[in-house]
Structures are given as structure tokens and as C-alpha cells.
Amino acid sequence: MNKQLLTVVLSLSLSACATTHNHTAEKVTSTQLIKTTTTWDGKDVVYPTNEKAQVTALMIEIPVNGETGWHRHPVPSFAMILDGTLDVMLKDGSVNHLKAGDPLVEVVNTAHNGRNTGTVPVKIMVFYTGTVNSILTIKEKP
């Protein structure tokens, strides 16, 4: 009788744990924001392969009416606009209009300038996929 009672109690406990675990798992969601093989200007994403890979994450904040200044990235970078609105311009006149919630596959080795076009500071979470000691950003002349 004690074995049967123990079996019932263990079964109920395991069932409760499994239910709790499944309930928690049901709250987790995944939404694909972007899946691409190209940067926003249509060029292929190419990862550096000559040295040890390194990922760097930065939080970039651009004040209202502020600009990044003309620059380029020699390594691939991927970003999410967390707050604000941003126009990223290329020298050929192309403009990428971005707002909070937008993902971005940044241009590589292409001069560009980001300008806050909104009423709040722009916040961007950026992930650079370079190599150890690689330069992430190079300032360019306008």
C-alpha cells in the first residue's frame, strides 16, 4: 500500500512539474525579424575568415537632430532600432528610413551617414561580426 501511495504521489508531482514546465515553454515566442543574405543596399553578406572571429555588441545613441557623420564598417554588422527614427544615407542618394522595431543588416565598406529624424534620441543595438582586433568603424570625409 505504501508503494502504491508513493507511486501516486511521485506521478502527481512529476505531472505537476511537467505541466509547469510546459506552461512556461508556451509563453516563449520567436518572431523572425529578418532573414537575408544581403545588406540593405543589396550586397552579399561576407564574414571575415582570415583570423579568429569576434562578435562585439554596442548600444549606439544619437541625439535629436544628431548625425553619426560619414563612416563605413569593414566588417558585417546587424542592428535593431530600439527607439526613435533614423535615416541612413549613402553617397549615391539612397536612403534607408528606419524606426523603432526595425532590424538592419548594415552596409559593408560603403560610406554612409545616419541622421536622427525624430523627436526622441535614437537607440540602436548593433552586433559587429569581425575578427579579434578588427576595426569596426572608419570615419569618412563627407
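The table that follows gives values for the structure above.
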| quantity | calculated |
| --- | --- |
| Cα-projected label distance for VAL132 with LEU82, points at 7 Å along beta-carbon direction, nm | 2.9 nm |
| Exposure proxy ranking, count of Cβ atoms within 10 Å, fewest first, for LYS91, LYS35 | LYS35, LYS91 |
| Under the Karplus curve 6.51 cos²θ - 1.76 cosθ + 1.60, θ = phi - 60°, whole-Hz ³J(HN,Hα) for the range 131-142, x wherever Gly or Pro sits | 10, 4, 6, 6, 7, 8, 9, 10, 5, 10, 6, x |
| Efficiency of FRET between ILE34 and ASN65 - r from beta-carbon atoms, R0 35 angstrom, step 0.05 | 0.80 |
| Sequence-separation-based contact order of the range 53-139, relative, with Cα cut under 8 Å and 6+ spacing, percent | 48 percent |
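We did not get these values from a lab; they are worked out from the coordinates using the rules stated. This one's a predicted model, so the numbers in the text were calculated from it and none came from an experiment. Note: ideal-geometry Cβ built from the backbone for every residue, glycine included; neighbour counts use all protein chains shown.
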